[in-house]
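Q: For reference, the structure I am asking about is given below.
Quick note: the coordinates plus some simple rules give every number you see, no bench work behind them. Note that this is a predicted model, so its numbers are computed, not measured. Please note: Cβ atoms are built from the backbone with ideal geometry, for glycine as well, and neighbour counts cover all protein chains shown.
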Amino acid sequence: MTITKLISYISAVSMAIVIIWAQSEVPIFQSPIPELPWGIVSLVDLYAGFIFVCLWMFYKEKTKHAVIWTLFMLTLGNLTTAIYVLYSIRSSQGDMKRFFMGKNS
């Protein structure tokens, strides 16, 4: 799981930096992306992926915790995914079954 940790740390730091940079360039509610056809496709694709990760979170976690993770996911995107993977690695203590299945393992 070391490579997964490394990729998740790099992703989390990269996403945090890019989010801060993008917000300083164009505020989120002034973005032209929703006005472009491929921008809409990208957003639908992105949020479909978020939904699948959130379903995994609901399977693994208690409902209260999954709701909180989902709120972060829908606002911070894959920064949350990277942090959640790090959290899952730590809480699974190296057990792959527990990593993927959480409370259901």
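Q: Return yes or no: is Ala16 touching a residue at least 24 places away in the same chain (Cβ under 8 Å), under 25 Å from Ala66 (Cα atoms) and assigned to a helix (DSSP H, G or I)?
A: It is true that Ala16 is touching a residue at least 24 places away in the same chain (Cβ under 8 Å), under 25 Å from Ala66 (Cα atoms) and assigned to a helix (DSSP H, G or I).
Q: Looking at segment 26-42, is at least one residue over 28 Å from Arg98 (Cα atoms), surrounded by 10 or more Cβ atoms within 10 Å (Cβ to Cβ), in contact (Cβ under 8 Å) with a residue 60 or more places away in the chain and not acidic (Asp, Glu)?
A: no
Q: If Gly49 meets every condition in (1) within 30 Å of Met96 (Cβ to Cβ); (2) exposed (fewer than 13 other Cβ atoms within 10 Å of the Cβ) apart from one, which number is that one?
A: Only one criterion is unmet by Gly49, namely (2).
Q: Another question, then. Just give me the residues in segment 1-21 being closer than 20 Å to Leu74 by Cβ and either over 15 Å from the mean Cα position of the chain (by Cα) or loosely packed, with under 13 Cβ neighbours inside 10 Å (or both), in sequence order.
A: Val18, Ile20
Q: Which residue is farthest from Ile17 (Cα to Cα), if the candidates are limited to segment 77-105 and must be hydrophobic (A, V, I, L, M, F, W, C) and surrounded by 15 or more Cβ atoms within 10 Å (Cβ to Cβ)?
A: That would be Phe99.
Q: Among what's in segment 77-105 and is touching a helix residue (DSSP H, G or I) at 6+ places or on another chain (Cβ under 7 Å) and among the aliphatic types (A, V, I, L, M), pick the residue that is farthest from Lys62 (Cα to Cα).
A: Applying the filter and picking the extreme gives Leu79.
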